[in-house]
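*Asks:* Pasting a structure here, questions to come.
Please treat every number below as a calculation from the coordinates, not as lab data. Quantities reported herein were computed from a predicted structural model and do not represent experimental measurements. With ideal geometry, Cβ positions are generated from the backbone for all residues, glycine too; neighbour counts draw on all protein chains shown.
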Amino acid sequence: MLTEKDIDNIRNSWAIVVDDEMDNMLKFYNRLFKIAPQVRPYFPDDMGRLAEKLGFTLNLLVTNLGDFEKLRPTLEELGKYHGDLGVLNSHYKYVIQALLFTVKNAMDVFYTDEVGQSWKRALIAVSGVMIEGSRKKQKSKGLLAKLFGGRKKSYKKYMR
Ligand code: HEM
């Protein structure tokens, strides 16, 4: 659960990160690929478009952190999308590490451990809901497979 102080810490530090948003998002991916080279093949060669999307999404998250429940459906959808891409639950820790590094690097002398802890709590919460979202989908897939033997034809028969 995020405190008011966490939300304040995140908003104030994000203001510094967005000051050079594109550059910081690209630095984030560089860091991610350095600490977890095994995820590089999941991504396109040109990271510009994705860096822009990530900046936009983080902005949305930071703006709405005070009402986390409002974010849940979007995060679950985003999690499902990642699950379909083949992203593993075990990959999330690298994204968290790389984002923490990016915030620290952007804040430079203004960085404090308290700010880092606030980001860590928020990113763990966000990743948790995304992973839940991808699990939900897997579960329903499993259920359909059990009920209808996983064959589209027999499944359709029941849907008529
Ligand atoms: C805090 C967790 C994460 C957030 C907020 C996040 C956010 C996003 C966003 C906003 C997009 C763009 C979606 C779109 O095109 O509409 C995206 C795409 C993607 N993400 Fe994540 N992501 C997270 C974790 C991860 C993890 C753990 C991986 C694993 C390596 C990953 C790999 C990817 C890939 C491969 C794409 C698609 C690249 C493409 O368009 O070709 N993400 N992510």
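*Asks:* With springs only between Cα atoms under 10 Å apart, run a GNM on the chain and tell me which of Ser13, Ser90, Ser118 wobbles the most.
*Replies:* Ser90
*Asks:* Can you tell me the relative contact order of the chain? Whole percent, Cα pairs under 8 Å, sequence separation 6 or more.
*Replies:* Across the chain, relative contact order equals 35 percent.
*Asks:* Oh, and also: If neighbour count is taken as other Cβ atoms inside 10 Å, put Arg135, Arg49 in order from fewest to most. Don't skip to the end; give the middle numbers.
*Replies:* Details: Arg135 15, Arg49 9.
Lowest count first: Arg49, Arg135.
*Asks:* If you don't mind, there's one more thing I want to ask. Between Gln97 and Asp46, what is the label-point separation in nm under the 7 Å Cα-to-beta-carbon projection?
*Replies:* So the label points at Asp46 and Gln97 sit 3.1 nm apart.
*Asks:* Now, a different point. Can you tell me the orientation of helix 113-148 relative to the chain, as the angle in degrees between its alpha-carbon axis and the longest Cα principal axis, to the nearest 10?
*Replies:* Roughly 10 degrees between the two axes.
*Asks:* Using Cα atoms only, what is the angle between the long axis of helix 4-17 and the major principal axis of the chain, expressed in degrees (0 to 90) to the nearest 10?
*Replies:* Long axis of 4-17 versus the principal axis of the chain: about 80 degrees.
*Asks:* Here is a further query. Using the structure shown, select from Lys34/Lys120; Lys27/Lys53; Lys5/Lys70; Lys53/Lys136; Lys70/Lys104; Lys5/Lys120 the pairs with a Cα to Cα distance greater than 18 angstrom.
*Replies:* In this structure, Lys34/Lys120; Lys5/Lys70; Lys53/Lys136; Lys70/Lys104 lie more than 18 Å apart at Cα.
*Asks:* Also, quick follow-up: Tell me, what does the Kirkwood hydrodynamic radius of the chain come to in angstroms if you use every pair of distinct C-alpha atoms?
*Replies:* The Cα-based Kirkwood calculation yields 17.2 Å.
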